[in-house]
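Each remark here refers to the structure printed beneath this line.
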Amino acid sequence: MNTLREKVTQILENETELFSKRLQNLCDLLRNSLDRYTWVGFYFANAENKTLHLGPFSGTPTDHTCIPFGKGICGQVAVSDDYFLVPDVTAQDNYIACSLSVKSELVVPLFVNGMNIGQIDIDSEKIDAFNEQDVDFLTWVNAQIAQSWPVDYIPKEING
Ligand code: SME
């Protein structure tokens, strides 16, 4: 994924774009570059209300724009501070279906200044689509995001 990593860095370093647009471009890049990545999006945490809010995403729009901490795969990652790899979504009790065509999912927390401020969520229409390499790659992507995060940037979605 070396070339892809270079493209990720280029997008994040492009200071001519607003940061939210860079995150949008990143979602589009990942979904368009990797066939297994059917849906790519960010959820951001409102720590006070204990809710996650949908940020930039690429793929079919979802009704689940607000998810309470603890609910679904995303909500569990908000409280566990650890990634969640789901090879088969039908085997999960605490799962929120965005689309019946989704078969597997990977959610990786996003830490900015040591705080779990949200996550990147990847859905796939393939069963068992993700492995440890995807975890490593997305952990790296999130570390790059954290590095380029503007000091005063608060995602507008968390107030919604
Ligand atoms: N499946 C997720 C909900 C978000 S959608 O996949 C976009 C979950 O269980 O938290």
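The values are calculated or read from the model by the stated rules, or taken from the named source; none is laboratory data. Computed from a predicted structure; not experimentally measured. Heads up, the Cβs are rebuilt from the backbone with ideal geometry, glycines too, and the neighbour counts pull from every protein chain shown. For the accessible areas, the whole protein counts, side chains as well, though only heavy atoms, and no ligand, DNA or RNA atoms are used. Shrake-Rupley method; radii C 1.70, N 1.55, O 1.52, S 1.80 Å.
Which residue, Gly70, Gly114, Gly55, has the most motion in a Gaussian network model of the chain that connects Cα atoms within less than 10 Å?
Top of the fluctuation ranking is Gly114.
Output the peptides 4-10, 23-29, 123-129, 105-111 sorted from most to least packed, where packing is the average of other Cβ atoms within 10 Å over each peptide's residues.
Taking the mean over residues of other Cβ atoms within 10 Å, the ranking is 105-111, 23-29, 123-129, 4-10.
Considering only protein heavy atoms, what is the solvent-accessible area of Ser33 at a probe of 1.4 Å, reported in Å² to the nearest 10?
Counting only protein heavy atoms, the figure is 60 Å².
Among the listed pairs Lys21/Lys50; Lys7/Lys71; Lys71/Lys103; Lys71/Lys126, which have their C-alpha atoms separated by more than 28 angstrom in this model?
Result: Lys7/Lys71 exceed 28 Å.
Taking all protein chains together and a probe of 1.4 Å, list Leu100, Leu18 from the most accessible to the least accessible.
Leu100, Leu18
With every protein chain left in place, what is the accessible area of His53 in Å² (1.4 Å probe, nearest 10)?
Near enough 10 Å² of accessible area.
How many nm separate the modelled label positions at Thr60 and Lys126, each set 7 Å beyond the Cα in the direction of the Cβ?
Result for the modelled spin labels: 1.9 nm.
In percent, how large is the relative contact order of the range 1-131, given Cα pairs closer than 8 Å and 6 or more residues apart?
Reported relative contact order: 22 percent.
Compare Asn46, Asn131, Asn142 in a GNM of the chain, Cα atoms joined below 10 Å, and give the one with the largest fluctuation.
It is Asn131.
Ignoring ligands, DNA and RNA, what accessible area per residue does the chain give at 1.4 Å, in Å²?
52 Å²
Keeping every protein chain in place, order Phe84, Phe130 by accessible area at 1.4 Å, biggest value first, i.e. largest first.
Phe84, Phe130
Set the Förster distance to 41 Å, then compute FRET efficiency between Asp136 and Ser20 from the Cβ-Cβ distance, nearest 0.05.
0.95
What's the center-to-center distance, using Cα atoms, between the range 48-96 and the range 1-41 in Å?
20 Å
How much accessible surface does Phe69 have with a 1.4 Å probe, in Å² rounded to 10?
Near enough 50 Å² of accessible area.
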